1. What list of ³J(HN,Hα) couplings, whole Hz, do you get for region 132-144 from phi and the Karplus terms 6.51, -1.76, 1.60, once you set θ to phi - 60° and write x for glycine and proline?
2. Once amide H atoms are placed 1.01 Å from N in the peptide plane, what residues at a sequence separation of 5 or more from Arg312, or on another chain, have their amide H within under 5 Å of its amide H?
3. State the Cα centre-to-centre distance between region 270-314 and region 244-261 in whole Å.
4. Between Thr46 and Val314, what is the FRET efficiency for a Förster distance of 51 Å, r being their Cβ-Cβ separation, to the nearest 0.05?
5. With every protein chain kept in place and ligands, DNA and RNA left out, what is the accessible area per residue of region 55-162? Probe 1.4 Å, answer in Å².
6. For region 22-308, with the dipole built from +1 on Lys and Arg beta-carbon atoms and -1 on Asp and Glu ones, taken about the Cα centre, which of Met70, Phe142, Val237 lies farthest toward the positive end?
7. Would you mind telling me the share, in percent, of accessible area of region 22-308 contributed by carbon and sulfur at probe 1.4 angstrom?
8. List the residues whose amide H sits under 5 Å from the amide H of Gly171, counting only those 5 or more places along or on another chain, with H placed 1.01 Å from N in the peptide plane.
Amino acid sequence: MEAAGSGGGGPGCGCKGIRSCLLCEGPAQAAPPPQGEDNFTYCPATGLAKGNEHSEFAGWAFPFPGVFLMEEFISEDEESEIVELMDRDDWKPSQSGRKKQDYGPKVNFKKQRLKAGSFTGLPSFSKKIVAQMEACSVLGGFLPVEQCNLDYMPERGSAINPHFDDWWLWGERLVSLNLLSETVLSMSCDSEDSIQLFPTSSKENGELNPPASLTETPACQNSGEGGPNCMLCPRLVPSREVAVAIALPRRCLVVLFGAARYRWKHAIHRRHIQRRRVCVTFRELSEEFSAGGRHQELGKELLEIALSFQGRPV
């Protein structure tokens with residue numbers, strides 16, 4: 001949920017409408033904006049979302065596709081250099097206590113209008129980052145056309161509400177580099193359908209029991225539902241009741257694609273910003289603006305500008 005607040009009432013605040021931060025939340029604000037509680041945690045080693053120990057879903061898991069995470073994508077020295085170069089340019093106030101630097105075309109998503117505007121390309125320091133992405137199997141052919149730097153600080157109550165990134169202009173893969181501190185990417189789903197959970201095995205790796213071994217006990221067959229005597233039965237839960245935490249270590253690269261991009265909303269909750277965090281997000285063009293698409297010529301023009309790596313924040 002988005003916060004109900006006065007929005008935009010504080011100095012240096014970029015909040016609008018129902019969004020708010022600590023700069024604009026007055027003393028009348030009795031509590032911080034609502035923040036969903038994560039009840040599953042994503043495991044990069046297995047690709048499973050596993051029920052948290054103290055939640056009602058402890059001992060249960062389900063496949064969570066569409067996430068690629070690489071730790072230590074850059075070195076400490078590279079991180080320091082990147083942030084130092086960013087800080088030479090101004091950070092503009094943004095919503096929910098964030099600050100931002102944009103390198104991309106001028107877009108009106110509501111009217112679906114797009115032009116190069118004052119876009120002069122991605123920044124020079126990103127050329128090396130983009131080159132390093134080629135080593136990632138999920139990023140084959142990835143050509144970033146836009147870069148957004150976001151600055152989070154606990155003193156501002158920085159956060160970002162659950163949302164989907166646009167898919168009229170931006171393509172399937174969302175690529176983010178997490179700098180300066182660890183955080184948690186919270187995934188939630190508004191779908192009306194259900195998720196099938198499976199009990200995790202007793203093995204140390206916590207793998208799912210193979211579907212063939214999921215046999216119903218007499219109690220399951222008689223009642224038609226799971227219970228304490230039916231721990232081997234799959235379990236159906238409404239998607240809306242599930243929230244998955246993806247831990248993002250400092251200097252990691254995370255890619256969302258497929259179901260994680262189009263079915264699950266992503267968010268950063270205020271409680272998960274403990275110190276300054278900088279996020280660098282790269283986006284590619286959708287099929288409509290790629291080769292063979294309806295607006296391929298405009299897409300080609302924007303890519304040429306982006307990959308010149310001569311840009312300044314717009």
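1. Calculated HN-Hα couplings, in order: 5, 5, 4, 6, 8, 4, 7, 10, x, x, 6, 10, x Hz.
2. Under 5 Å from the amide H of Arg312: Thr120, Gly121.
3. 18 Å
4. 0.80
5. Ligands and nucleic acids excluded, the figure is 49 Å² per residue.
6. Value computed over the given set: Phe142.
7. Numbers: 7250 of 14260 Å².
Solvent-exposed carbon and sulfur of region 22-308 make up 51 percent of the total.
8. Hits under the 5 Å cutoff: Glu284, Leu285, Ser286.
The values are calculated or read from the model by the stated rules, or taken from the named source; none is laboratory data. What you see is a predicted model; the values in this text were computed from it and never measured. Positions of Cβ are generated from backbone atoms using ideal geometry, with glycine treated the same way; all protein chains shown enter the neighbour counts. These accessible areas exclude ligands, DNA and RNA; they are computed on the full protein's heavy atoms, side chains included. Shrake-Rupley method; radii C 1.70, N 1.55, O 1.52, S 1.80 Å.
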